[in-house]
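The values are calculated or read from the model by the stated rules, or taken from the named source; none is laboratory data. Quantities reported herein were computed from a predicted structural model and do not represent experimental measurements. With ideal geometry, Cβ positions are generated from the backbone for all residues, glycine too; neighbour counts draw on all protein chains shown.
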Amino acid sequence: MSVSIGIVGLPNVGKSTLFETLTQRQVSAENYPFCTIEPNVGTVTVPDSRLDTLAEISQSANIKPTTVEFIDIAGLVKGAHEGEGLGNAFLSNIREVDAICQVLRHFPGEDITHVEHRIDPYDDAQIINTELLLADLQQIERALENLEKKVKQGDKNAQEISQTLQRLHEAVSNETPIRDLDLSKDETERIKPYNFLTQKPIMYVVNTDESYETSLTTEDLGARVVPLSIKSEAELSTLPEEEKAEYLQLLGRSHNGLDIVIQAGYNLLDLISFFTTGPKETRAWTVPQGTYAPQAAGVIHSDFERGFIGAEVAAFEDFVNAGGEGAAREQGVLRLEGKNYVVKDGDVCLFRANT
């Protein structure tokens, strides 16, 4: 399945540099507002060391990790919901993504202009979140107006949607994002066509200096906070593989910070990975948490879902400890599951289907 994360923030906070470093694609990142007008799109592999382990056991010729799409979206300013700056384009582009990665500036430097002429990442977050709330509020009010006639005519579906929108209106008017509401499955389905901005899951990348330190916490912003020196990560990405470990050591770090960002974005969407493995290929597949075996099989090929018979499944650790497919089957580790089985993260699967 294809998933996308929009990289958003005020102008000149490091969005395009983060995108460029994540995707190794050269995009324009000059020092002036609205440098990014049309969104840049790049596909990034999700790091998962389990793939290498499985490929080694199965002696696979190829390894195919799962991917996530990052989209670099134009910078936002106050008044975006009223069309300020590139507000309309910005908000339209955000509606198309599955989740939001908001970049906040926490690094000094007078040579890089801050659109608000100060360094305050918390305030930056409030500016953007307020614009998203105001944009949703406008959309809710327009939707309620459009439904008014049908509601008066006794249209039951319109009445149910209107009731849900009224609940959203009250929350958003009080600065509560839609994602923080405990919506029922029916309510979520009713508002799905509106693609509200504050309903999307969000994370924050705080762009720091080389220390990778920030005082902002998850408690401050109500969502995952990842401190990251985007400049350091950009420099790291240009080095040969053998020099990267040495550079990380100089930074006092044991791992690539970009891997944390990618994995955090992936987790943000409540996704899991299951694996298929064999001599030809070891591959990770992406499905939402709670996916049943037939639907997981359908991600590989739609015929597998339609003709689903069963799935041979082993947990990653059990499969590895057994030493591969043959031994896992002999030891009873590779068990047969039916259509009501919920696929778990790390499952190694072999699907049976009439095709």
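Would you please name the residue that is farthest from the chain's Cα centre (by Cα), looking only at residues in the stretch 344-353 that are on the phi < 0 side of the Ramachandran plot and in a loop (DSSP other than H, G, I, E, B)? Give the steps one after another, and end with the answer.
Looking only at the stretch 344-353, we keep the residues that are on the phi < 0 side of the Ramachandran plot, and these are 344-345, 347-353.
From what's left, in a loop (DSSP other than H, G, I, E, B): 344-345, 347.
On the way: LYS344: 19, ASP345: 17, ASP347: 21 Å.
Out of the qualifying residues, it is ASP347.
Go through the residues of the stretch 38-49 one by one and say whether even a single one is farther than 21 Å from ASN267 by Cα, at pLDDT 85 or above and out of contact with any strand residue (DSSP E or B) (no Cβ under 7 Å at 6 or more places or on another chain).
No; the residues of the stretch 38-49 include none that is farther than 21 Å from ASN267 by Cα, at pLDDT 85 or above and out of contact with any strand residue (DSSP E or B) (no Cβ under 7 Å at 6 or more places or on another chain).
Would you check if GLY310 is touching a Gly at 6+ places or on another chain (Cβ under 7 Å) and modelled with pLDDT of 95 or more?
Numbers: touching a Gly at 6+ places or on another chain (Cβ under 7 Å): yes; modelled with pLDDT of 95 or more: yes.
Yes.
Looking only at residues in the stretch 73-82 that are small (Gly, Ala, Ser) and not in a helix (DSSP H, G or I), which one is modelled with the highest pLDDT?
Step one: of the stretch 73-82, the residues small (Gly, Ala, Ser) are 74-75, 79-80.
Then keep just the ones that are not in a helix (DSSP H, G or I); that gives 74-75, 79.
Working: ALA74: 68, GLY75: 63, GLY79: 54.
Here the answer is ALA74.
For GLU170, are the conditions met, namely being modelled with pLDDT of 95 or more and loosely packed, with under 14 Cβ neighbours inside 10 Å? Full working, then the answer.
Details: modelled with pLDDT of 95 or more: yes; loosely packed, with under 14 Cβ neighbours inside 10 Å: yes.
It is true that GLU170 is modelled with pLDDT of 95 or more and loosely packed, with under 14 Cβ neighbours inside 10 Å.
Please state which one of ALA264, ALA311 is surrounded by 15 or more Cβ atoms within 10 Å (Cβ to Cβ) and touching an Asp or Glu at 6+ places or on another chain (Cβ under 7 Å).
ALA311
Looking only at residues in the stretch 231-240 that are among the hydrophobic types (A, V, I, L, M, F, W, C) and in a helix (DSSP H, G or I), which one is modelled with the lowest pLDDT?
Step one: of the stretch 231-240, the residues among the hydrophobic types (A, V, I, L, M, F, W, C) are 234, 236, 239.
Those left that are additionally in a helix (DSSP H, G or I): 234, 236.
Working: ALA234: 90, LEU236: 87.
Of everything passing the filter in the stretch 231-240, LEU236 is modelled with the lowest pLDDT.
Within the stretch 216-253, work out how many residues are without any contact (Cβ under 8 Å) to a residue 40 or more places away in the chain, in contact with a helix residue (DSSP H, G or I) (Cβ under 6 Å, 6 or more places away or on another chain) and hydroxyl-bearing (Ser, Thr, Tyr).
1
Step by step: first the residues of the stretch 50-67, then only those that are of a type in the set (D, E, K, R) and at pLDDT 95 or above, then the one that is surrounded by the most Cβ atoms within 10 Å (Cβ to Cβ). Which residue is that? Break it down into steps so the answer makes sense when it comes.
Step one: list which residues in the stretch 50-67 are of a type in the set (D, E, K, R), which gives 50, 52, 56, 64.
If we keep only those that are at pLDDT 95 or above too, we end up with 50, 52, 56.
Numbers: ARG50: 20, ASP52: 13, GLU56: 13.
Among residues in the stretch 50-67 that are of a type in the set (D, E, K, R) and at pLDDT 95 or above, the one surrounded by the most Cβ atoms within 10 Å (Cβ to Cβ) is ARG50.
Taking only pairs six or more apart or across chains, which ones have beta-carbon atoms under 8 Å, a first residue in the stretch 169-195 that is over 17 Å from GLN139 (Cα atoms), and a second residue that is at pLDDT below 95 and surrounded by fewer than 16 Cβ atoms within 10 Å (Cβ to Cβ)?
Correct list of pairs: ASP180/GLY222.
Filter the stretch 124-149 for residues that are of a type in the set (S, T, N, Q) and touching a Phe, Trp or Tyr at 6+ places or on another chain (Cβ under 9 Å) and give the result. Let's see the steps before the verdict.
Restricting attention to the stretch 124-149, the residues satisfying the condition of being of a type in the set (S, T, N, Q) are 126, 129-130, 138-139, 146.
Of everything in the stretch 124-149, just one residue is of a type in the set (S, T, N, Q) and touching a Phe, Trp or Tyr at 6+ places or on another chain (Cβ under 9 Å), namely GLN139.
Looking at the structure I just gave you, is THR198 modelled with pLDDT of 95 or more and either farther than 22 Å from GLU131 by Cβ or of a type outside the set (Ser, Thr, Tyr) (or both)?
On the way: modelled with pLDDT of 95 or more: yes; either farther than 22 Å from GLU131 by Cβ or of a type outside the set (Ser, Thr, Tyr) (or both): no.
In short, no.
Need pairs with beta-carbon distance below 7 Å; first residue over 21 Å from ARG179 (Cα atoms) and within the stretch 254-272, second β-branched (Val, Ile, Thr) and part of a helix (DSSP H, G or I); sequence gap 6+ or separate chains.
LEU258/THR21
Being of a type in the set (Ser, Thr, Tyr) and surrounded by fewer than 15 Cβ atoms within 10 Å (Cβ to Cβ) is the requirement here; does SER273 meet it?
On the way: of a type in the set (Ser, Thr, Tyr): yes; surrounded by fewer than 15 Cβ atoms within 10 Å (Cβ to Cβ): no.
Against the criterion (of a type in the set (Ser, Thr, Tyr) and surrounded by fewer than 15 Cβ atoms within 10 Å (Cβ to Cβ)), SER273 does not qualify.
Residues checked against (1) part of a helix (DSSP H, G or I); (2) in contact with a helix residue (DSSP H, G or I) (Cβ under 7 Å, 6 or more places away or on another chain); (3) not β-branched (Val, Ile, Thr):
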| site | (1), (2), (3) |
| --- | --- |
| LEU147 | yes, yes, yes |
| GLN159 | yes, yes, yes |
| ARG167 | yes, no, yes |
| VAL172 | yes, yes, no |
| ASP186 | yes, no, yes |
| ARG190 | yes, yes, yes |
| VAL205 | no, yes, no |
| GLU213 | no, no, yes |
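Do any residues in the stretch 92-115 that are farther than 19 Å from TYR266 by Cβ and modelled with pLDDT under 90 have Cβ atoms under 8 Å from those of residues that are of a type outside the set (Asp, Glu) and surrounded by fewer than 13 Cβ atoms within 10 Å (Cβ to Cβ), where the two are at least six apart or on different chains, and which pairs are they?
As it stands, the answer is ASP111/ASN31; ILE112/ASN31; THR113/ASN31; THR113/TYR32, since those pairs meet every condition given.
Any idea how many residues of the stretch 241-251 are at pLDDT below 80 and closer than 24 Å to HIS106 by Cβ?
1
Residue under question is PHE70, and the condition is that it be in a loop (DSSP other than H, G, I, E, B) and modelled with pLDDT of 80 or more; does it hold?
Working: in a loop (DSSP other than H, G, I, E, B): no; modelled with pLDDT of 80 or more: yes.
In short, no.
Just one of LEU197, LEU168, LEU251 is of a type in the set (A, V, I, L, M, F, W, C) and in contact with a strand residue (DSSP E or B) (Cβ under 9 Å, 6 or more places away or on another chain); which is it? Please lay out each step first, then the result.
Values: LEU168 fails: in contact with a strand residue (DSSP E or B) (Cβ under 9 Å, 6 or more places away or on another chain); LEU251 fails: in contact with a strand residue (DSSP E or B) (Cβ under 9 Å, 6 or more places away or on another chain).
Testing whether each residue is of a type in the set (A, V, I, L, M, F, W, C) and in contact with a strand residue (DSSP E or B) (Cβ under 9 Å, 6 or more places away or on another chain) leaves just LEU197.
If you go through the stretch 147-167, how many residues are surrounded by fewer than 17 Cβ atoms within 10 Å (Cβ to Cβ), of a type outside the set (D, E, K, R) and either closer than 27 Å to ILE128 by Cα or within 26 Å of the chain's Cα centre (by Cα) (or both)?
Number of matching residues: 1.
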